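Notes follow the structure.
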């Protein structure tokens, strides 16, 4: 699962055309735009019903801890026509996400997926293929596992038939109505971060020496986690950490001094009726794609959201929060560099030594800063 | 000591949202969960202890015509006697607004006869279905006719525009319930004292289960960034959601402290029925000149985190001391002032 050198270099394009690192494909009405809107533009899942069909390739550039571009190709495109461009796209990206609507007949999707995999692997042998078995909120537990088993079986069989054995492919059950989409996306992104092993190591060391049970490094805007320590991960813990980030950011926004420079062009408001992303993405055809969003602020319920304009406004002190739960667990959040946040779970017995924990976390923060200066 | 019992009538057309509101505020449903609620059969009674000395007796009256006819004929006595407050819900999308207003008038007439001192609240509900620009007008238009009709019976109606999809629901219900608390002025007075002593920018007192705002105090000398007048209900909404997430881990949160960019908020248990939130803004000039023994100060933040710790402990200590006073207020006989 190594990342090729070209990808590392191409990924650092802060300039006008950062190459897409992740491309999202799938048949139409599969859920690709909904996923992008919910994850990166803070749309409420229920509002995604109003999104129009995507007609042209759309790219969201996401600059926080990592230069991140998600390119969404519309499902209607008969991509064999656009094959030359597709090759260029595949060779410069690290992962291909294919979205399958699990509530629909997926035989066509699998055939489409198969031909795409062939082209992608030809263009870029190290590309990670990630299959999102999407819209599983409508299926029962047994059905989900059945669907996953079935799809996995079929896809791997077809690849074997064609003699493609070294394809890195994984399957995820996802839904925008719960946290599974965030978790799946976290795993996809983690495979693309060259610094992953270092981060995990740092977190392990931090946890061992500070009495922390579990630590995550989250990206605040999208709530995907970049790294975690080696202790076992369970989903309720992940969920409560994402909720904790939400409330910290919301409460901070309620009482924060408005430091934004007066009215720039890119201010966007989402009201309770959920304006879909017409103001955010601008699209052109195929190759030269340009859009921007920046690190959005998170919201709960249908509050107003505002996107901070680029470049990031100088903030005050780093944000942090602590919460004591009745079962003896303490949730602890500290803002880190580059839109990241460290979220830890500790036992209440560690509270008297909190000053030491904070001291250790400062070292961790310094390590992160160094990592991104060099990397 | 007999607690105050407050009978609340929740009335409105069938499907207007009465049971949904009730389940969100009092039964911890999320807005999404309310779609599984069915029609209410006749009257549903809920008894809710609210603070130590008050029981809310909520009569959720099913709005279907058959039931409504009964309310105004055979069950008149039963329904309209000893009512403290009428909460009438208007569905903003209703096609028969005239009929809704007539029902409202019927209620007023009966209340005038059986409980002339009751308070009247009108909720203009499902406002999320109206376009943003039109909301103010729709609300004002309806309220005008309601105010006129209420005046006929010398009632003062108080109106709210609400929707289950944002925090406006909390604002409405906080106001309704607070108007029924027997000694709310006493809470306000002591909360003010607490705020003054702690030099806090803002202090808010919440009821523990529903997270409705009982009382709040703002320091007028705090910096002028308190521009969001809807922040109280937003906080209710935010914390309620956090409560629901914690319950997924089969735990409840006991305290929460958030060190933001410009201020720090502390949320802690006050009494067994209330929680208090104290917001202190950061005062950089004081911190900058501190001479605390920082020792090995890696990044110059040492002074600040020590001062943080001190502030944290002071607030917690203050809350502990104030606890006894607030417990006494809660248990007070509602007739004392």
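Numerical summary
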| item | result |
| --- | --- |
| Semi-axis lengths (Å, descending) of the ellipsoid that matches the C-alpha gyration tensor of the stretch A:146-223 | 32, 17, 11 |
| Distant alpha-carbon pairs in the stretch A:184-237 (separation over 17 angstrom), percent | 34 percent |
| For q = 0.16, 0.17, 0.20 Å⁻¹, Debye-computed log10 I/I(0) when each Cα of the stretch B:103-191 counts as one equal scatterer | -0.77, -0.85, -1.02 |
| The stretch A:137-267, Cα convex hull volume normalised per residue, Å³ | 207 Å³ |
| Principal-axis tilt of helix B:231-248 within chain B, Cα atoms, nearest 10 degrees | 90 degrees |
| Cα-based Rg of the stretch B:187-247 normalised by 2.2 N^0.38 Å, two decimals | 1.22 |
| Cα pair distances exceeding 15 angstrom across the stretch A:117-174, given as percent | 52 percent |
| Within a Gaussian network of chain B (alpha carbon springs, distance under 10 Å), most fluctuating of B:271, B:34, B:210 | B:34 |
| GNM result for chain B, Cα springs below 10 Å: residue of B:250, B:35, B:76 fluctuating most strongly | B:250 |
| Mean shadow area of the stretch A:102-144 over all directions, Cα convex hull, nm² | 3.5 nm² |
| Angle in degrees between helix B:302-331 and the longest Cα principal axis of chain B, rounded to the nearest 10 | 40 degrees |
| Square roots of five times the Cα gyration tensor eigenvalues for the stretch B:108-154, Å | 27, 11, 6 |
| In range of the label at residue B:39: residues from the stretch B:56-94 whose backbone nitrogen is under 16 Å from the point 7 Å along Cα→Cβ | B:61-71 |
| Chain B - mean residue ellipticity at 222 nm from DSSP helices (-39,500 (n - 2.57) per run, n ≥ 4, rounded to 500) | -13500 deg cm²/dmol |
| Cα-only radius of gyration and Dmax that characterise the stretch B:79-126, units Å | 11.3, 32 |
| Whole-angstrom Cα spans of the stretch B:46-114 along principal axes, big to small | 42, 28, 20 |
| Residue B:243-residue A:111 pseudo-label distance in nm [points 7 Å out on the Cα-to-Cβ vector] | 5.5 nm |
| Over the stretch B:111-258: Rg over Rh, Cα atoms, Kirkwood Rh | 1.02 |
| Choice from B:165, B:59, B:173 with maximal GNM fluctuation in chain B (Cα, 10 Å cutoff) | B:165 |
| Whole-number D in µm² s⁻¹ for the stretch B:1-100, Kirkwood Cα-pair radius fed into Stokes-Einstein, 10 °C, 1.306 mPa s | 110 µm²/s |
| Using alpha-carbon coordinates, inclination of helix B:168-180 to the longest axis of chain B, degrees | 80 degrees |
| Residue exposure sequence - B:324, B:18 - by fewest surrounding Cβ within 10 Å | B:324, B:18 |
| Angstrom value of the Kirkwood radius, inverse mean 1/r, which spans all Cα pairs in chain B | 22.0 Å |
| Separation between Cα centres of the stretch A:118-146 and the stretch B:262-281, rounded to whole Å | 46 Å |
| Förster radius 41 Å - calculated FRET efficiency between residue A:50 and residue B:209 (Cβ-Cβ, nearest 0.05) | 0.70 |
| FRET E, pair residue B:113, residue B:141, Förster distance 25 Å, beta-carbon r, rounded to 0.05 | 0.30 |
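Any read-out appearing in this document is the output of simple, stated calculations on the displayed coordinates, not a laboratory observation. Quantities reported herein were computed from a predicted structural model and do not represent experimental measurements. Quick reminder, even Gly has a Cβ in these numbers, built from the backbone with ideal geometry, and neighbours come from all protein chains shown.
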